[in-house]
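Participant: Could you have a look at this structure, given as C-alpha cells, before my questions?
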Amino acid sequence: MSSRNTIILAAGKGTRMKSKLYKVLHRVAGKTMVDHVLTQVEQTNMDEIVTVVGFGAEDVQHELGDRTKYVLQEQQLGTGDAVLKTEDILGDADGMTLIVSGDTPLFRAATLQKLFDYHEAKGDVGTVLTSIAPDPAGYGRIIRNDIGLVEKIVEQKDATVEEAAVDEINTGVYVFDNQALFKALHQVTNHNAQGEYYLTDVIGILKQAGQRVGAYRMSDFSESMGVNDRQALAEATKVMRKRINDAHMANGVTFIDPEHTYVDIDVKIGADTIIEPNVQLKGHTEVGEDCFIGANSEIRNGRIHDHVTVTSSLIEDSEMESGSNIGPMSHLRPQAHIGHDVHLGNFVEIKKANIGDRTKVGHLTYVGDATLGTDINVGCGVVFVNYDGVAKHETIVGDHTFIGSNSNLVAPLQVADHSFIAAGSTITKDVAFHDMAIARARQTNKPDYWDRLPHKPEDA
Ligand code: UD1
Ligand code: CA
C-alpha cells in the first residue's frame with residue numbers, strides 16, 4: 001500500500017534569531033512554531049511523521065512528545081542532510097513524503113492537502129509548493145524554463161543577479177515520491193556558497209535525470225512565511241493573531257479593536273462575549289458566552305464561565321463560575337475558584353482559595369489558602385494572614401458570615417456559619433456559630449481634653 005509520510009525539519013539552531021532558545025521553540029500566539037507545523041500535519045492523515053532534531057533536541061522532543069518520531073542530526077550540514085537522516089525509518093517506504101520546516105508556522109492543513117491532491121493528480125515525481133513574495137530576499141528562487149516548467153531552485157546566496165530578481169520563492173514545502181527522494185538525496189553535494197547539502201538541489205537532480213518535477217503555486221504568500229529572525233517572528237505572529245481573531249468573530253465574539261487584542265491559538269471564547277482593547281487571553285484559557293472582558297485584562301489558563309465580567313484584572317490558572325465579576329485592578333493567583341454570582345471588587349488578591357456563591361469581597365483585600373462559604377460579606381481591607389514565616393496555614397469561613405473591615409484573620413482559623421467579626425479585629429482564635437468576635441483595644445474618650453492642653457494648636 002502506498003503510504004503518506006511527513007518529515008519536519010527542526011534541527012537548526014536559528015543563528016539569526018540571536019536567542020538562547022532554539023528557533024523552532026519560539027512561540028507564535030502561544031504555541032511553538034514546530035508545534036503549529038505538527039498540528040497542521042496531524043490533520044492531513046499521515047502514516048508516519050518524523051521530526052529531525054539537532055540543536056535543542058531534548059527540548060523539542062519534550063515539547064512535541066510522542067506525537068512524532070524523531071531522528072537526530074548531530075551536525076547541521078544542511079536541509080538535504082537533515083532529510084537523509086530519516087532514511088532508516090522512511091527509506092524503503094512506498095508512497096509520498098511531505099517535507100515541511102519547523103520554522104514556517106503559518107501553513108494550514110488545507111494547503112498541505114491541496115499540495116498532495118495536486119501532486120497526485122499530476123503524477124510527477126516531486127512537487128514544490130511556491131508563492132510570490134513581495135520581498136523574496138532570503139528565500140530560494142524558483143527557476144523555470146522557457147515553457148514555464150521548474151528547472152531548479154537557487155538559494156539566495158548562490159543566485160545570479162538575474163535569478164535573485166525572480167519573485168517566485170520556494171516555501172520549503174514539498175511532496176516527493178519517497179524512493180525517488182532518497183535516491184536523489186545521495187547525489188546532493190555541498191559545493192555551494194554555504195558549503196551545505198541543500199534539499200533544494202533534489203529538484204534539479206531529478207530534473208536532470210529526466211524526471212518530472214512540478215510546482216504548485218499558492219496564492220497567499222503570508223501563509224508561507226519562514227521565520228528566521230525576530231522581525232519575521234513578529235510578522236508571523238501578526239498574521240496568526242488576525243487569523244485567530246477573525247475565527248472568533250465569525251463565531252459571534254465582539255472585539256472592540258481586533259488589531260489590539262491578543263488571543264492565543266488554543267483559547268476558546270463563547271458567542272456574544274465582548275472583548276475590549278489590549279486584552280490578552282493566553283494558554284488554554286476558556287471564556288464562556290455573554291462575558292465582558294474589559295480593557296487591559298490578562299487571563300492565563302483561566303476558566304471563565306458564562307456571564308462573567310472581568311474589568312482590568314489579571315487572572316492566572318483560576319476559575320470563575322457564571323455571573324461572577326472582578327475588578328478593576330484585581331488579581332487571581334493560581335488555584336482561585338470563584339463561585340457563582342460572586343463579587344470581587346478592586347484591589348483584591350486571591351490565591352489558592354475557594355470563594356462560595358454570592359460572597360462579596362469588595363475592596364483592598366488579600367485572601368490566601370482559604371475556603372469561604374456562600375453569602376459572606378468581606379469588608380474593606382481584610383487580610384487573611386496565611387504565612388507565619390515558615391509555613392502556610394488555612395482559614396475556613398462559614399456561610400453568611402460578616403467580616404468587618406480592616407480585620408486580620410490569622411491562620412490556622414475556623415470561623416463558623418452566621419458569625420460576625422467586628423471591624424479592626426485581629427482574630428487568632430476560632431469563632432463559633434452565631435458569635436461575634438471583637439479583638440481590638442477598647443476605645444476610651446477623654447472628656448474636655450482640650451482644656452488640659454498647656455499649648456493649644458495655633459489655628460484650631
Ligand atoms: C530554506 C530553503 C529555501 C526556502 C526556505 C523557506 C534550503 C537549502 N533552503 O531556506 O529554499 O526558500 O527554506 O522557508 O533548504 N534544518 C535542519 N538541519 C540543517 C539545516 C536546517 O534541520 O542542517 C532545518 C531548520 O531547523 C529549519 C529548516 O530546516 O527548520 C530550514 O532551514 P533554514 O536554515 O531556516 O533554511 P532557509 O535558509 O530558511
Ligand atoms: Ca528558514
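The values are calculated or read from the model by the stated rules, or taken from the named source; none is laboratory data. All of these numbers come straight from a predicted model, not from anything done at the bench. Positions of Cβ are backbone-derived with ideal geometry, glycine not excepted, and every protein chain shown enters the neighbour counts. These accessible areas exclude ligands, DNA and RNA; they are computed on the full protein's heavy atoms, side chains included. Shrake-Rupley method; radii C 1.70, N 1.55, O 1.52, S 1.80 Å.
Participant: What tally of residues in region 194-210 results from selecting those that are more than 16 Å from ligand 2 (Cβ to nearest atom) and in a loop (DSSP other than H, G, I, E, B)?
Facilitator: 3
Participant: Those residues that are open to solvent by 50 Å² or more (accessible area, probe 1.4 Å) and more than 16 Å from ligand 1 (Cβ to nearest atom), I need them from region 224-240; list them, please.
Facilitator: 234, 238
Participant: Pick out the one residue from 95, 56 that is at positive phi, open to solvent by 10 Å² or more (accessible area, probe 1.4 Å), within 14 Å of ligand 1 (Cβ to nearest atom) and not aromatic (Phe, Trp, Tyr). Lay out the reasoning, then the answer.
Facilitator: Working: 95 fails: within 14 Å of ligand 1 (Cβ to nearest atom).
After ruling out the rest, the residue left standing is 56.
Participant: I need the full set of residues from region 212-236 which are assigned to a helix (DSSP H, G or I) and away from ligand 2 (no atom under 14 Å from the Cβ), in order please. Give the derivation first.
Facilitator: Quick first cut of region 212-236, residues assigned to a helix (DSSP H, G or I) only: 221-224, 230-236.
Answer for region 212-236, where residues must be assigned to a helix (DSSP H, G or I) and away from ligand 2 (no atom under 14 Å from the Cβ): 221, 222, 223, 234.
Participant: Which of the residues that make up region 330-355 are outside any loop (DSSP other than H, G, I, E, B), farther than 16 Å from residue 375 by Cα and within 25 Å of the chain's Cα centre (by Cα)?
Facilitator: Matches in region 330-355: 331, 332, 336, 349, 350, 351, 352.
Residue-by-condition table, conditions (1) in a loop (DSSP other than H, G, I, E, B); (2) modelled with pLDDT of 95 or more; (3) open to solvent by 30 Å² or more (accessible area, probe 1.4 Å):
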position	(1), (2), (3)
259	no, yes, yes
272	yes, yes, yes
278	yes, yes, yes
281	no, yes, no
290	yes, yes, yes
296	yes, yes, yes
299	no, yes, no
306	yes, yes, yes
328	yes, yes, yes
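Participant: Could you identify the single residue in 252, 323 that is within 17 Å of residue 355 (Cα to Cα) and either in contact with a helix residue (DSSP H, G or I) (Cβ under 8 Å, 6 or more places away or on another chain) or not in a strand (DSSP E or B) (or both)? Give the steps one after another, and end with the answer.
Facilitator: On the way: 252 fails: within 17 Å of residue 355 (Cα to Cα).
After applying the criteria, what remains is 323.
Participant: Step by step: first the residues of region 52-70, then only those that are outside any strand (DSSP E or B) and within 16 Å of ligand 2 (Cβ to nearest atom), then the one that is farthest from residue 81 (Cα to Cα). Which residue is that?
Facilitator: Across region 52-70, the extreme among qualifying residues is 60.
Participant: Of all residues in region 59-69, which are over 22 Å from the mean Cα position of the chain (by Cα) and either buried (at least 21 other Cβ atoms within 10 Å of the Cβ) or of a type in the set (S, T, N, Q) (or both)? First the steps, then the outcome.
Facilitator: Step one: filter region 59-69 for residues over 22 Å from the mean Cα position of the chain (by Cα), giving 69.
The answer is none; no residue qualifies.
Participant: Can you tell me which residue in region 121-160 is most open to solvent (accessible area, probe 1.4 Å), limited to those that are outside any loop (DSSP other than H, G, I, E, B) and of a type in the set (D, E, K, R)?
Facilitator: Within region 121-160, the match that is most open to solvent (accessible area, probe 1.4 Å) is 157.
Participant: Now, a different point. Among residues belonging to region 25-46 that are assigned to a helix (DSSP H, G or I) and under 18 Å from residue 13 (Cβ atoms), point out the one that is farthest from ligand 1 (Cβ to nearest atom). Before the answer, list the steps.
Facilitator: Taking region 25-46 as the starting set, the residues that turn out to be assigned to a helix (DSSP H, G or I) are 25, 33-42.
Going one step further and asking which of them are under 18 Å from residue 13 (Cβ atoms), we end up with 25, 33-34, 37.
On the way: 25: 11, 33: 8, 34: 8, 37: 9 Å.
Here the residue is 25.
Participant: Determine which member of the set 49, 89 is in a helix (DSSP H, G or I), surrounded by 15 or more Cβ atoms within 10 Å (Cβ to Cβ) and more than 16 Å from ligand 2 (Cβ to nearest atom).
Facilitator: 89
Participant: On to the next question. Which ones in region 134-146 are more than 9 Å from ligand 1 (Cβ to nearest atom) and not β-branched (Val, Ile, Thr)?
Facilitator: Scanning region 134-146 gives 134, 135, 137, 144, 145, 146.
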